[in-house]
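Asker: Below are the structure tokens for one structure; questions will follow.
The values are calculated or read from the model by the stated rules, or taken from the named source; none is laboratory data. Computed from a predicted model, the values in this text were never measured in an experiment. Reconstructed Cβ throughout: ideal geometry from the backbone, glycine too, with neighbour counts over all protein chains shown. Each accessible area value is taken on the protein alone, full model and side chains, heavy atoms only, with ligands, DNA and RNA left out. Shrake-Rupley method; radii C 1.70, N 1.55, O 1.52, S 1.80 Å.
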Amino acid sequence: MTVVIGFEGSANKIGIGIIRDGEVLSNPRRTYITPPGQGFMPSDTARHHRAVILTVLKEALEQAGLKPADIDCVAYTKGPGMGAPLVTVALVARTVAQLWGKPLLGVNHCIGHIEMGRLITQADNPTVLYVSGGNTQVIAYSERRYRIFGETIDIAVGNCLDRFARVIKISNDPSPGYNIEQMAKKGSQYVELPYTVKGMDVSFSGILSYIEVSYCPTIMPLSLQETVFSMLVEITERAMAHCGSKEVLIVGGVGCNLRLQEMMGVMCKERGAKLFATDERFCIDNGAMIAQAGWEMFRSGQVTELEDSWITQRYRTDEVEVTWRD
């Protein structure tokens, strides 16, 4: 049996999870929440992570019923993400690995989402829609790489939703996207908004600029969701057609949105395909996803030497050689 502990802290979530041969033993998490109308600054977020990370580590070990001696490998988020929070978590992971005498593994955050989604849903070889506050990508696996078929050319869909939440000054607790989703459920009127799909890529900056100057709090949440999710469904379907895929896996924090899952499900049904998605335990950034990707990497013979254990804010999904898949 192989046991891997994973440290995640690339944005406002700090999580530590433990995986043993595909079983999630523990996955505690904390969220840095700012007042309505405000985002989270890297330095403040890192300060939050430093304050709670050892408590979360203790919780992870206690919930799993394990001791440091039971851990085989320490995995951490190498990137992409916010610099200061990434450094904070990497520093703790490096220290823990040295204190415990365990090998270290730097994990791509996006790969973590994908591998966690594959583990939980048991999807075989899906077309992946990865949607979060910092990333929007349509991905498919081919020849030892997760290939990016389409992506945002400016801001991520989650960033678009978060910034709209700041405009209308709604609560960031538990998350701006969740609160927009609840407001959209109460909406009944749709207004046309800028819809920008460029081949396989999407753009959200135009729609954000539009709603920032001409928004109605009772109408815009519904209209914004319907518009941006339609764009995502369109490029996902196009990637499926190109790959001949019969599976879609939605990962990332925005993937928790039930309306997005519903719209994607309609498209999949029309194509005779199957939709896979997870709930907020695994869609939202968490330590177990880093542990799972680290488990796959470690089992395939990968380790990160201490001198190579840096972080990078820009770390594309297709830069990683996927040595654990055929």
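Asker: Given T152, T127, T88, which one is in contact with a helix residue (DSSP H, G or I) (Cβ under 6 Å, 6 or more places away or on another chain) and under 18 Å from S230 (Cα atoms)?
Answerer: That would be T127, the only listed residue that is in contact with a helix residue (DSSP H, G or I) (Cβ under 6 Å, 6 or more places away or on another chain) and under 18 Å from S230 (Cα atoms).
Asker: Now, a different point. How many residues, within the stretch 41-67, are in contact with a helix residue (DSSP H, G or I) (Cβ under 9 Å, 6 or more places away or on another chain), outside any helix (DSSP H, G or I) and free of Cβ contacts under 8 Å to residues at least 60 places away in the same chain?
Answerer: Selection size over the stretch 41-67: 2.
Asker: Which of the following residues is on the phi > 0 side of the Ramachandran plot, at pLDDT 95 or above and of a type outside the set (A, V, I, L, M, F, W, C): G253, G272? So that I can check it myself, show each step before the final result.
Answerer: Details: G253 fails: on the phi > 0 side of the Ramachandran plot.
Selected residue: G272, the only one of G253, G272 that is on the phi > 0 side of the Ramachandran plot, at pLDDT 95 or above and of a type outside the set (A, V, I, L, M, F, W, C).
Asker: Follow-up. Just checking, how many residues over the stretch 171-229 are of a type in the set (A, V, I, L, M) and part of a helix (DSSP H, G or I)?
Answerer: Counting residues in the stretch 171-229 that are of a type in the set (A, V, I, L, M) and part of a helix (DSSP H, G or I) gives 11.
Asker: Return the pair list, or none, for Cβ contacts closer than 8 Å from residues in the stretch 141-159 that are in contact (Cβ under 8 Å) with a residue 60 or more places away in the chain to residues that are open to solvent by 30 Å² or more (accessible area, probe 1.4 Å) and of a type in the set (D, E), at least 6 apart or on different chains.
Answerer: Close Cβ pairs satisfying both conditions: R144/E321; R145/D318; R145/E321; Y146/D318; R147/D318; I148/D318; G150/D201.
Asker: OK, next. If you go through the stretch 268-295 one residue at a time, how many are in contact with a helix residue (DSSP H, G or I) (Cβ under 6 Å, 6 or more places away or on another chain), in a helix (DSSP H, G or I) and either open to solvent by 10 Å² or more (accessible area, probe 1.4 Å) or small (G, A, S) (or both)?
Answerer: Final tally of qualifying residues: 3.
Asker: Only residues that are open to solvent by 40 Å² or more (accessible area, probe 1.4 Å) and charged (D, E, K, R): list them for the stretch 223-246, please.
Answerer: E234, E237, R238, K246 - these are the residues of the stretch 223-246 that are open to solvent by 40 Å² or more (accessible area, probe 1.4 Å) and charged (D, E, K, R).
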